[in-house]
Amino acid sequence: MMSRSRWGAAGLTLAASMVAAGPVTASVFLQVDLPALTKMSASVVHARVIDVRSAWNDDGTFIFTYVTLKVEETFRGASQDTVVVRVPGGRVGDYVAEMEGAPLLMQDDDVVAFIGRWEDGAPMIAGYFEGVSRVEKDAHGNRFLRGGKAHGMPISELARAVARVEQ
């Protein structure tokens with residue numbers, strides 16, 4: 001007859017093997033500072049989200065969200081009047097794909113975005129969630145950033161910090 005402690009050990013072994021056999025997913029994001037995020041970006045822009053739509057990729061294996069940004073100011077690099085960034089995840093019909101760490105942008109958001117490139121050249125948010133901040137105004141009308149790597153900075157201070165990286 002097996003003792004209680006042996007059953008406990010056998011149960012833990014069985015549970016561990018069942019967990020190991022199941023699907024395991026993880027996301028790893030490297031912490032970067034503002035100068036590193038700036039250097040990995042083709043451009044840094046202040047923009048308004050004017051369109052958000054999701055679609056399957058060409059292979060039909062994953063959903064991406066395409067976010068159209070109307071650029072109001074450019075702090076680094078060159079930018080067109082509008083930029084469509086491809087963000088992993090989204091919803092198409094009853095199908096939902098989520099990627100931990102992917103930025104979530106909504107219609108009419110006022111944002112500062114660090115724009116990088118996917119391997120195929122399509123624009124993306126560099127640094128995922130760290131590469132986008134919402135622009136908010138305080139009681140005096142001063143613009144500051146909420147979220148992302150630039151969290152808490154006045155937009156004017158971010159513009160100076162990005163310009164210093166260029167030098």
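Figures for the structure shown
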{"read-out": "Output for region 82-98, where each listed residue is in a strand (DSSP E or B) and under 14 Å from Y66 (Cα atoms)", "value": "T82, V83, V84, V85, R86, V87, P88, G90, R91, V92, A97"}
{"read-out": "Residue among A78, A97, A47 that is touching a residue at least 24 places away in the same chain (Cβ under 8 Å) and either touching a helix residue (DSSP H, G or I) at 6+ places or on another chain (Cβ under 8 Å) or farther than 25 Å from L158 by Cα (or both)", "value": "A97"}
{"read-out": "Selection within region 119-141 - surrounded by 13 or more Cβ atoms within 10 Å (Cβ to Cβ), acidic (D, E) and free of Cβ contacts under 8 Å to residues at least 60 places away in the same chain", "value": "E136"}
{"read-out": "Criterion violated by G101 - all others in (1) at pLDDT 95 or above; (2) in a loop (DSSP other than H, G, I, E, B) satisfied", "value": "(1)"}
{"read-out": "Failed item, numbered, when G77 is tested on (1) over 13 Å from A126 (Cβ atoms); (2) at pLDDT below 95", "value": "(1)"}
{"read-out": "Unmet requirement for S133, which otherwise passes all of (1) part of a strand (DSSP E or B); (2) touching an Asp or Glu at 6+ places or on another chain (Cβ under 9 Å)", "value": "(2)"}
{"read-out": "Identity of the residue in region 142-165, basic (K, R) and either assigned to a loop (DSSP other than H, G, I, E, B) or in contact with a strand residue (DSSP E or B) (Cβ under 7 Å, 6 or more places away or on another chain) (or both), that ends up surrounded by the most Cβ atoms within 10 Å (Cβ to Cβ)", "value": "K149"}
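The values are calculated or read from the model by the stated rules, or taken from the named source; none is laboratory data. Every value quoted in this text rests on a predicted model; they were computed, and no experiment measured them. Neighbour counts are summed over all protein chains in view; Cβ atoms, including those assigned to glycine, are modelled from backbone coordinates with ideal geometry.
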